[in-house]
1. For A337, indicate whether it is touching a Pro at 6+ places or on another chain (Cβ under 8 Å) and more than 21 Å from P192 (Cα to Cα).
2. Inside the stretch 38-57, can you point out the residues that are open to solvent by less than 50 Å² (accessible area, probe 1.4 Å) and either β-branched (V, I, T) or touching a Ser or Thr at 6+ places or on another chain (Cβ under 7 Å) (or both)?
3. Within the stretch 192-212, restricting attention to residues that are aliphatic (A, V, I, L, M) and surrounded by fewer than 19 Cβ atoms within 10 Å (Cβ to Cβ), which residue is farthest from ligand 2 (Cβ to nearest atom)?
4. Looking at (1) out of contact with any Ser or Thr (no Cβ under 7 Å at 6 or more places or on another chain); (2) in the same structural domain as L290 (by TED's automatic domain parsing), which one does V196 not meet, given that it meets all the others?
5. Do you know which of the residues in the stretch 366-401 that are charged (D, E, K, R) and not in a helix (DSSP H, G or I) is nearest to ligand 2 (Cβ to nearest atom)?
6. Mind listing just one residue for me: the one in the stretch 184-218 that is among the charged types (D, E, K, R) and within 16 Å of ligand 1 (Cβ to nearest atom) and, of those, farthest from G327 (Cα to Cα)?
7. Pairs under 6 Å by beta carbon, first residue free of Cβ contacts under 8 Å to residues at least 40 places away in the same chain and among the aliphatic types (A, V, I, L, M) in the stretch 347-371, partner open to solvent by 50 Å² or more (accessible area, probe 1.4 Å) and within 13 Å of ligand 1 (Cβ to nearest atom), six or more apart or different chains?
Amino acid sequence: MATFKNIQSLGALEGKRVLVRADLNVPMKADHEGDMTVTDDTRIRSVAPTLKALSEQGAKVIVMSHFGRPKGQTVPEMSLEPLGQPLANITGLPVLFINDCIGAEVAETIDGMENGAVLLLENVRFYPGEEDNDPEFARALAQNGDVFVNDAFSCCHRAHASTEGIAHLLPSAAGLALEAELKALENALGNPQHPVAAVVGGAKVSTKLDVLTHLVEKVDHLIIGGGMANTFLAAQGVDVGKSLCEHDLADTARDILARAEAAGCTVHLPTDVVVAKEFKAHADNRTVALDDVAQNEMILDVGPASVAKLAEQLKSCKTLIWNGPMGAFEIEPFDAATVTLAKAAGALTEAGSLLSVAGGGDTVAALNHAGVAEQFSHISTAGGAFLEWMEGKELPGVKVLKQ
Ligand code: ADP
Ligand code: MG
């Protein structure tokens, strides 16, 4: 079982220059005075404990991040400068900013830092070497530090200079948030307690093919919901009317079902569904059996009988991993299956019988909407990195931190 170097493995850090890769690529919008403000500070909050711990140990804390997609050029609108103040507010530490991430001026500023101080560097993607993982650029970044700490799981699926390249050049470790995330993911899919259930939902099979093929080999129960369930149902001969459905993936869907059967994984597809003629909130709707979907109707949610069976099934499971909503959860009442199943999973987790890990952009929104975010064992906000991990891929930024 893989273990990862953590901050303790770096030894005493008093007076050391510690380069921390954070993900400060947070959503922002202009306020009424035209200043940029952060609209979701989750990622800043997640790196704060690491920054505080390093500062308390007397390290010179130097923070690197990307912001947006400046494509290797200096784009003033994508400067990290506006993130200095939110970072200071959340960590409770003063944060200095410098308008570059490599070079002599940066080195001088770092030389002048007090132990325990925090310095935020400018957007690493202002240099093309970042995304190219150019060894020269990685070396230039590495000059800023004595050791490297990666605390940005959401960036670990990219082999970039500030995530992967630099870790070959300096003693490196996972920060507190990354360490916690890796432990949770390991417990959920790497080395989980069985039976394991996976909920995979969302819009399309095509975006999650690799997830499905990996999971059928790993889990005992695969629960398929959302738009992608329609593709599986149609592949089995169900008339899904005008539902969102990838009819061209019928063979693929049947192949996944065959692989599941061969691997001893039970696939759960809905047996009743909620249909409507329009994709909008409070559209007229009815709950029907699979053979009763009309030509002008679409399936927008898993039906209550199916959800009740699934919630019952979860009681016998020890581990749950969840990506993708069960229905069109943004529009009521088609959030019902997602909310009911999420609440069941949250309650089982709180009762101690289930370890529950979830991730994905819309999944996080859906679980927040269901009010269960605090109950789940771990919710990953990592998006792309979380999905690649669910596909069984080794993330380059994580691999390089292996012991
Ligand atoms: P995530 O971002 O968590 O990986 P996805 O992006 O794959 O999830 O899927 C989320 C989207 O799937 C939501 O916008 C939701 O409305 C949509 N969706 C779920 N079920 C259905 C359905 N039956 N018909 C149409 N859209 C659906
Ligand atoms: Mg999405």
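The values are calculated or read from the model by the stated rules, or taken from the named source; none is laboratory data. Note that the structure is predicted; figures quoted are calculated from it, not measured. Quick reminder, even Gly has a Cβ in these numbers, built from the backbone with ideal geometry, and neighbours come from all protein chains shown. Areas reflect the complete protein model, heavy atoms only, side chains present, ligands, DNA and RNA absent. Shrake-Rupley method; radii C 1.70, N 1.55, O 1.52, S 1.80 Å.
1. Values: touching a Pro at 6+ places or on another chain (Cβ under 8 Å): yes; more than 21 Å from P192 (Cα to Cα): yes.
So A337 fits the description; yes.
2. Answer for the stretch 38-57, where residues must be open to solvent by less than 50 Å² (accessible area, probe 1.4 Å) and either β-branched (V, I, T) or touching a Ser or Thr at 6+ places or on another chain (Cβ under 7 Å) (or both): V38, T42, I44, V47, A48, T50, L51.
3. If we filter the stretch 192-212 for residues that are aliphatic (A, V, I, L, M), which is where we start, we get 196-200, 203, 205, 209, 211-212.
From the residues that got through so far, the ones that are surrounded by fewer than 19 Cβ atoms within 10 Å (Cβ to Cβ) too are 203, 209.
Working: A203: 7, L209: 15 Å.
By that ranking, first place goes to L209.
4. (1)
5. In the first step, residues of the stretch 366-401 are kept if they are charged (D, E, K, R); the result is 374, 388, 391, 393-394, 399.
Filter once more, so that each one left must be not in a helix (DSSP H, G or I): 374, 391, 393-394.
Numbers: E374: 22, E391: 15, K393: 18, E394: 23 Å.
Result: E391.
6. Quick first cut of the stretch 184-218, residues among the charged types (D, E, K, R) only: 186, 204, 208, 210, 217-218.
Narrowing the set further to residues that are within 16 Å of ligand 1 (Cβ to nearest atom) leaves 204, 208, 210.
Working: K204: 12, K208: 16, D210: 21 Å.
The extreme case among them is D210.
7. Close Cβ pairs (under 6 Å, with a partner that is open to solvent by 50 Å² or more (accessible area, probe 1.4 Å) and within 13 Å of ligand 1 (Cβ to nearest atom)) amount to V364/T381.
Residue by residue, here is whether (1) under 29 Å from A276 (Cβ atoms); (2) acidic (D, E) holds:
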{"residue": "C317", "(1), (2)": "no, no"}
{"residue": "I321", "(1), (2)": "no, no"}
{"residue": "F329", "(1), (2)": "yes, no"}
{"residue": "D335", "(1), (2)": "yes, yes"}
{"residue": "T340", "(1), (2)": "yes, no"}
{"residue": "A351", "(1), (2)": "no, no"}
{"residue": "S356", "(1), (2)": "no, no"}
